[in-house]
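Read through the structure below, which is laid out as structure tokens, and then see the notes.
The values are calculated or read from the model by the stated rules, or taken from the named source; none is laboratory data. Predicted model only: the values in this text are computed from it and were never measured. Glycine gets a Cβ as well: all are built from the backbone with ideal geometry, and neighbour counts include every protein chain shown. SASA here: full protein model, heavy atoms, side chains in, ligands and nucleic acids out. Shrake-Rupley method; radii C 1.70, N 1.55, O 1.52, S 1.80 Å.
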Amino acid sequence: MKKIIITVFLFFALVAAHAQKFAYVDSQYILDNLPEYTEAQAQLDEISAQWQKEIETKFAEIDKMYQDYQAQAVLLPEDMKKKKEQEIVDKEKEAKNLQRQRFGQDGDLMKKRQELVKPVQEKVYNAIQEIATNNNYAVIFDKAGALTILFSNPKYDISDEVLDNLGTATAGRKGRATSGGQKGLETGSGTSKGTQQGNQNTNQPSGGVPPQEKK
């Protein structure tokens with residue numbers, strides 16, 4: 001009797017799961033096709049290049065100080081040698097501190113990235129949430145996130161539908177060939193037609209839409 005009850009329970013659980021609607025998106029593909037994200041990335045690249053040049057200049061100055069010290073060391077008294085050595089050590093410490101400040105885990109570049117990119121990511125998340133609510137999707141996966149997807153059927157990809165929701169032009173979308181929006185299907189239905197798209201991933205830093213806390 002117990003085995004029968006368990007079997008019936010599993011049967012209804014499978015039926016319920018089978019009826020759920022699901023879809024997936026490629027958030028990096030979505031972001032790459034949003035002008036505001038491209039602009040934010042361009043700003044970050046420019047700022048990063050400026051800061052990198054600033055740090056390289058400081059290390060070049062330290063290198064010259066050390067070369068000058070080596071050339072003069074033989075003629076310098078001991079106290080003067082120690083003074084110049086300390087100056088080099090202090091200058092190197094200053095340069096390394098600046099490097100951490102600019103490019104560290106919680107550094108200026110990361111803060112700037114949050115300032116410029118996070119609003120765009122939240123905009124994408126809100127569009128995904130709206131589509132999920134309107135279409136009664138139980139789950140929407142992110143192909144560009146940490147989740148490993150070994151195979152994905154393009155007919156369940158609603159990335160272009162999200163871009164449509166965000167008002168992005170259909171023509172000229174980069175990242176893969178498209179021929180229109182896609183809608184997710186009920187598991188196993190196989191009746192709806194979806195756009196056939198290639199599954200090209202674009203791996204870039206700071207891509208993807210971070211999970212949002214439930215409100």
Margin query: Given the condition modelled with pLDDT of 80 or more and either in a loop (DSSP other than H, G, I, E, B) or open to solvent by 80 Å² or more (accessible area, probe 1.4 Å) (or both), answer yes or no: does some residue in region 167-187 qualify?
Written below: yes
Margin query: Checking the condition under 24 Å from Asp142 (Cα atoms) and either charged (D, E, K, R) or modelled with pLDDT of 95 or more (or both), which residue from Lys93, Lys3, Lys21 passes?
Written below: Lys21
Notebook entry, point to check: How many residues, within region 107-136, are open to solvent by 30 Å² or more (accessible area, probe 1.4 Å) and within 21 Å of Glu46 (Cβ to Cβ)?
Noted result: 10
Checklist line | Selection status of Ala23, under 30 Å from Asp160 (Cβ atoms) and in contact with a helix residue (DSSP H, G or I) (Cβ under 7 Å, 6 or more places away or on another chain) | finding: yes
Check: List, please: which pairs have Cβ atoms under 7 Å, are six or more places apart or on different chains, and start with a residue in region 109-121 that is under 21 Å from Gln99 (Cα atoms) and end with one that is surrounded by fewer than 17 Cβ atoms within 10 Å (Cβ to Cβ) and among the aromatic types (Phe, Trp, Tyr)?
Finding: Leu109/Phe103
Margin query: Let me confirm something: among Val139, Val162, which residue is modelled with pLDDT of 75 or more, among the hydrophobic types (A, V, I, L, M, F, W, C) and crowded, with 17+ Cβ neighbours inside 10 Å?
Written below: Val162
Next item on the list: Among the helices (runs of 4 or more DSSP H) lying completely within region 24-111, list those that include at least 3 residues that are charged (D, E, K, R).
Entry: 35-72, 78-103
Note to self: Contact list please: Cβ distance under 9 Å, first residue in region 72-85 and open to solvent by less than 70 Å² (accessible area, probe 1.4 Å), second residue of a type in the set (A, V, I, L, M) and in a helix (DSSP H, G or I), pairs at least six apart or on different chains.
What the structure shows: Lys81/Ala73; Lys84/Met65; Lys84/Ala73
Next item on the list: Filter region 148-159 down to the residues that are farther than 9 Å from Tyr24 by Cα and modelled with pLDDT under 65, then identify the one that is nearest to the chain's Cα centre (by Cα).
Entry: Thr148
